[in-house]
1. Taking the Cβ of each residue in Phe362, Phe372 as the centre, tally the other Cβ atoms inside 10 Å and list the residues starting with the fewest.
2. So what are the stretch 347-434's ellipsoid semi-axes, whole angstrom, largest first, if each one is the square root of 5 times an eigenvalue of the alpha-carbon gyration tensor?
3. Counting other beta carbons within 10 Å of each residue's own, what order do Phe180, Phe413 fall into, fewest first?
4. Considering only DSSP beta bridges with both partners in the chain, what is the antiparallel share in %, to the nearest 5?
5. Report, largest value first, the span of the C-alpha coordinates of the stretch 1-126 along each principal axis, in whole Å.
6. Pro122: net charge of surrounding residues, Cβ under 12 Å, Lys/Arg +1, Asp/Glu -1, itself excluded?
7. Could you work out the Kirkwood radius for the chain, taking every pair of different alpha carbons, averaging 1/r and inverting it, reported in Å?
8. Within the set of other residues whose C-beta is less than 14 Å from the C-beta of Pro415, count the net charge using Lys and Arg as +1 and Asp and Glu as -1.
Amino acid sequence: MAASSRHHQVVIVGGGCAGITVANLLLQQRPGIEIAILEPSADHDYQPGWTLVGGGIMALEQTRRDEASLIPTGVTWIQAAATGFDPAANAVSTSSGEILTYDTLVMALGLQSRWERIAGLPEALGSHGVCSNYSPRYAPYTWETIKQFQGGTAIFTVPETPIKCGGAPQKVMYLADDHFKARSGVGVNTRVIFCSALTSLFSVPAYARTLERVVRNRGIEVHFGWNLRQVRAKEQVAVFEVEEPGGSKRIEELSFAMLHAVPPMTAPEVVSGSPLAGDGPGGWAATDPFTLQHPSWPNVFCLGDVAGLPTSKTAGAVRGEAPVVSANLLAFLDGKPLDAQYDGYTVCPLITGYGNVVMAEFDYSQKPVSSFLVDPTKPRWSMWLMKTRLLPWLYWNRMLPGKPHESRYLKPFAPLVHLLRLDYRESDSSEAESGAGQAGTC
């Protein structure tokens, strides 16, 4: 029996922040455009909130809403998953057995956490001090582990692959370190270790310098080139593959009382195994970095975590990508040039402790930018309030509905902020670096 099929002007695969935002923008710019969203989940998660859940700041229930309440009026919601892509036929196959054909396709599937790539980790999560904020199922256990921690070694890991919100593994570490040191007899008997498969604390040098000072002042051990390969939960042992400067590798084992593990991440298998995947590792959807159009299939646009873009995978990046996808998709339908350009804007609110956040905004230039005008490389209490209070509200009430970025309301004050020397200046940052010294083993 042949699969049933139906046609839509726009098919958006993924109903997370990227898919919902693009749908709303398209409807605002072209009322009456015919859109279908393909999304299997009945729930919509505010994923940036999972770090706050793991730090005891927010309840898990505050990070979740019904998907149905967020689907824009007039949009068809198909509650199923994509099981295959045939861009030559302008078709998507679904888990319900249906074939969707389209004029234009928006890829907004997010990514896949590959817990199984660390031996023993899937079975260990949620017990023996093994936790992770990268799953709503286990983020509450992170907070339980931090509260019950009585001393010993606490390890925080980063894998070798791109991950969503690359600063999140450090955020929970700084919150945990604060909590340990606030309890009598715990902080002094605790060893905090950051084990990263990467080569620096952050991809943008200006923010990396700030974080180097943070770990040095806290006395946190930092090991680069350490890739978590196995967890032996009952023994509370973490096994790392360590890359030496010359390229050789060795195995190291560390005992722990707490292990916050971050899984490797890739594009969903339905993407990585399709003609839409790029050539590089991870199977990310091939994407022009500026127009966000697929390089081989001009009626396909990609954004969010699934897109193979040289920028951090965050909800903040979607805030910059979605208007470009919306504008260029409509231009494509009209047979016009794709004039909208994405500059790589992304933001990672780096929690450096309770009451302090570095609002790390940057773009393809790998230089700090600031929606709030003031120097973004400095930890600020005001940015803590932004992260914990205002950003969740902005997500539900302005980002998803497709409202313009709030920075436009602050731009008129830029000359005053510059006059007062409150903005970011490269020379000031370099001077701060020269007096900072080296941070631990960084």
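Each value in this text was obtained by applying a stated rule to the coordinates, not by laboratory testing. Since the model is a prediction, treat every value here as computed from it, not as a measurement. Cβ coordinates were reconstructed from backbone atoms using ideal geometry, including for glycine residues, and neighbour counts include every protein chain displayed.
1. Details: Phe362 23, Phe372 18.
Lowest count first: Phe372, Phe362.
2. On the way: eigenvalues 105, 55, 30 Å².
They are 23, 17, 12 Å, listed from largest to smallest.
3. Details: Phe180 20, Phe413 11.
In increasing order of surrounding Cβ atoms, one gets Phe413, Phe180.
4. Details: 38 of 75 bridges.
So the antiparallel bridges amount to about 50 percent of the total.
5. 45, 36, 22
6. Details: positive: Arg114, Arg117, Arg137; negative: Glu116, Glu123.
Residues near Pro122 contribute +1 overall.
7. On the way: mean 1/r = 0.0438 Å⁻¹.
Averaging 1/r across every pair of different Cα atoms and inverting gives 22.8 Å.
8. On the way: positive: Lys411, Arg421; negative: Asp423.
Once positives and negatives cancel, what remains is +1.
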